[in-house]
Amino acid sequence: IKFVRVLKLLTNMLDYFRIPPFLERILKILLAIMLLVHACACCYWLVKETTNEQAQLHVWLQAHGAEDGVDTALIDKYIISFYFVNTVFCTVGFGDIAAENVHERLFCVVLFYFG
């Protein structure tokens with residue numbers, strides 16, 4: 001239901017600003033990609049939490065740059081998941097060079113879309 005509202009809002013904004021049709025298509029495609037990545041990141045974290053013991057999750061979060069593995073903020077968990085899904089979608093790879101903290105992950109996500 002919220003997705004329909006977002007599409008209506010987007011359509012109204014595009015009509016108001018008189019966006020050219022090609023740019024309108026690009027914006028809609030980017031929105032669809034962002035929603036897909038969001039859904040996949042949420043699913044990834046659901047799988048991560050349901051398939052790991054709390055102690056394993058604590059160690060994993062600390063290993064991936066979360067400040068406190070026990071009471072890690074939801075936004076930090078989301079950014080880790082979001083970063084992982086973007087890495088998979090953009091076929092950047094899983095090499096030995098990777099972002100180590102939240103700021104690096106956000107920067108890398110922006111770079112992925114430019115790439």
query = Among all the lysines, which ones have a C-alpha under 17 Å from Lys48's C-alpha, if same-chain residues fewer than 8 places away are not counted?
reply = Lys77
note = Helix 102-114 sits off the longest principal axis of the Cα atoms of the chain, rounded to the nearest 10 on a 0 to 90 degree scale, by 40
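Within the chain, what whole-number % of the accessible surface is contributed by carbon and sulfur, with the 1.4 Å probe and all protein chains included in the calculation? Mind showing how you got there, number by number?
On the way: 5780 of 8440 Å².
Heavy-atom surface of the chain belonging to carbon and sulfur, 1.4 Å probe: 68 percent.
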inquiry  = Once you keep just the Cα pairs under 8 angstrom separated by 6 or more residues, what percentage relative contact order results for the chain?
reply    = 22
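Given the DSSP H assignment, sum -39500 (n - 2.57) over each helix run of at least 4 residues in the chain and divide by its residue total; what's the result at 222 nm in deg cm²/dmol, nearest 500? If you can, show how the numbers build up before the last one.
Values: 5 runs with 86 residues, N = 115.
After summing the helix terms and dividing by residue count, I get -25000 deg cm²/dmol.
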inquiry  = Need one word for region 6-47: rounded, prolate or oblate. Basis is the Cα gyration tensor (sqrt eigenvalues a ≥ b ≥ c); a/c below 1.5 gives rounded, then a/b vs b/c decides.
reply    = prolate
note = Here, Leu30 and Cys90, labelled 7 Å along Cα→Cβ, have an inter-label distance in nm of 1.4
key: Theoretical gain in end-to-end length, Val4 to Arg18 [0.36 nm per residue, Cα-Cα removed]   = 3.0 nm
note = To the nearest 10 degrees, the tilt of helix 74-89 (Cα long axis) against the first principal axis of the alpha carbons of the chain is 70
inquiry  = Rolling a 1.4 Å sphere over the protein heavy atoms, what is the accessible area per residue of the chain, to the nearest Å²?
reply    = 73
query = Counting every Cα pair in the chain, what percent are over 25 Å apart?
reply = 36
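The values are calculated or read from the model by the stated rules, or taken from the named source; none is laboratory data. For clarity, every value in this text was computed on a predicted model and none was experimentally measured. Here the Cβ is made from the backbone with ideal geometry for all residues, glycine too, and neighbour counts use every protein chain on show. Accessible surface areas use protein heavy atoms only, side chains included; no ligands, DNA or RNA. Shrake-Rupley method; radii C 1.70, N 1.55, O 1.52, S 1.80 Å.
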